[in-house]
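This report refers to the structure that appears directly beneath it.
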Amino acid sequence: MEQFLLDLKQEKFNGSYDLAYKTINHLRKVISQTRWAHAQELMNTIRKVGKQIVAAQPSEYVVGNIVRRVLKIIREEYVRLLGESEESANKESLHQMFTPGDYEMEASIHNISAQVYYSYLIFCDDSVKHLVFLTLVVTCKLNLENLKKLYIDLKANAIEHIHSNEVILTLGKSRTVEAFLKQAAKKRKFHVIVVEGAPLYHGHELAKSLASKGIETTVITDTAIFAIMSRVNKVIIGTHSVLANGGLKAVNGAHMVALAAAHHAVPLIVLGAMFKLCLLHHSDIGGSEATFNRLASPQEVLGYYDAGSEEMTGVQIYNPTFDYVPPELVTLFISNIGGNAPSYMYRLLSELYHPDDHVL
């Protein structure tokens, strides 16, 4: 546990996918090595561990997403052992909510059933406990396997959204976008314009990688985005996180690209796995730079000796890593389960996470 927390604090992970994989693997070990008697005890343990690892790296929302997803899996498995579905175990009809009189009695019955659901006796029968234990471990292993197949499922959508002779613009370097474009290039011939993404210039790496696969690629500066946008058919970018309202926490410069695309009526397509979909809104985290954004070294913006001149005395230089892109600027969000509009994110959140786990 200490080593995992240390790796999180020192950012010893290679992107969101690697972080999600390590988090799932860690929680799988916690489930298999922790002694527990019933569902509530196991969920309390997972929630306690989740709080610790989320606090170790608050700006990486993927960690909290994975913890909430594992909690949802635990709930589903316990309810399934009871011979019910999760919807039937947790539903509360509108008639009960608005009908006076017997509401208190019906609500108390609902609370009793919830207590039975959470405790489910104390598992005196070892065979039942072992069955639940094995089910949870196998479920977590299956999620690891599904995570490995993530890019395969996401790349399968490439042919549907990229057509021949199109001009596609992207920003910086995203492994997801890179794999998506290379998959489409197997059956389509198109032109990619890569924005270099100053001051880190990760776009140069992406352009070199695409050109090595025979994809016609052009690198432009950030200042040329608006001028070139009128000749672009689609904008395809990656994202760090997808917020609950459909907005994006994306690489610095993404907001500028999205505004230019909206002005020229160019569709903006965002690629990202479902584990990047989080429950936070921008209003929840906008007041804290420590949780939403990260500041890179200003050395990339202004050299040390230039900053030491008399003209720069008292000047503070910021080099933010991320941008917030409002949902109204996003046309389509493509994940490993297909394409969805930003307005549909609320439905996906209800399928991925349980309401009781929104706050760990």
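Just a few scattered comments:
- Inspection of the range 38-51 finds no residue satisfying the criterion of being modelled with pLDDT under 85 and either exposed (fewer than 14 other Cβ atoms within 10 Å of the Cβ) or basic (Lys, Arg) (or both).
- Residue under evaluation Pro327, criteria (1) out of contact with any Pro (no Cβ under 9 Å at 6 or more places or on another chain); (2) surrounded by 12 or more Cβ atoms within 10 Å (Cβ to Cβ), criterion not met: (1)
- Output for the range 174-208, where each listed residue is touching a Lys or Arg at 6+ places or on another chain (Cβ under 8 Å), assigned to a helix (DSSP H, G or I), crowded, with 17+ Cβ neighbours inside 10 Å and not hydrophobic (A, V, I, L, M, F, W, C): Lys182, Gln183, Gly203
- Residue count for the range 260-285, restricted to those that are modelled with pLDDT of 90 or more, in contact with a strand residue (DSSP E or B) (Cβ under 6 Å, 6 or more places away or on another chain) and over 24 Å from Glu166 (Cα atoms): 3.
- So Ile269, is it crowded, with 21+ Cβ neighbours inside 10 Å and β-branched (Val, Ile, Thr): yes
- Residue identified as surrounded by 13 or more Cβ atoms within 10 Å (Cβ to Cβ) and modelled with pLDDT of 85 or more among Ala158, Ala227: Ala158
- Among (1) on the phi > 0 side of the Ramachandran plot; (2) touching a helix residue (DSSP H, G or I) at 6+ places or on another chain (Cβ under 8 Å), the one test that Lys234 misses: (1)
- When the range 301-360 is filtered for residues that are part of a strand (DSSP E or B) and of a type in the set (S, T, N, Q), the ones remaining, listed by number, are Ser335, Asn340.
- Val251 vs. criteria under 30 Å from Lys186 (Cα atoms), surrounded by 13 or more Cβ atoms within 10 Å (Cβ to Cβ) and at pLDDT 95 or above: no
- Against the conditions (1) of a type in the set (Lys, Arg); (2) modelled with pLDDT under 80; (3) surrounded by 20 or more Cβ atoms within 10 Å (Cβ to Cβ), Arg69 satisfies every one except (2).
- Looking across the range 19-43, the residues that are farther than 17 Å from Arg69 by Cβ and without any contact (Cβ under 8 Å) to a residue 60 or more places away in the chain come down to Gln33, Thr34, Arg35, Trp36, Glu41.
The values are calculated or read from the model by the stated rules, or taken from the named source; none is laboratory data. Just so it is clear, the model here is predicted, and its values are computed rather than measured. Note that each Cβ is placed from the backbone with ideal geometry, even for glycine, and that neighbours are counted across all protein chains shown.
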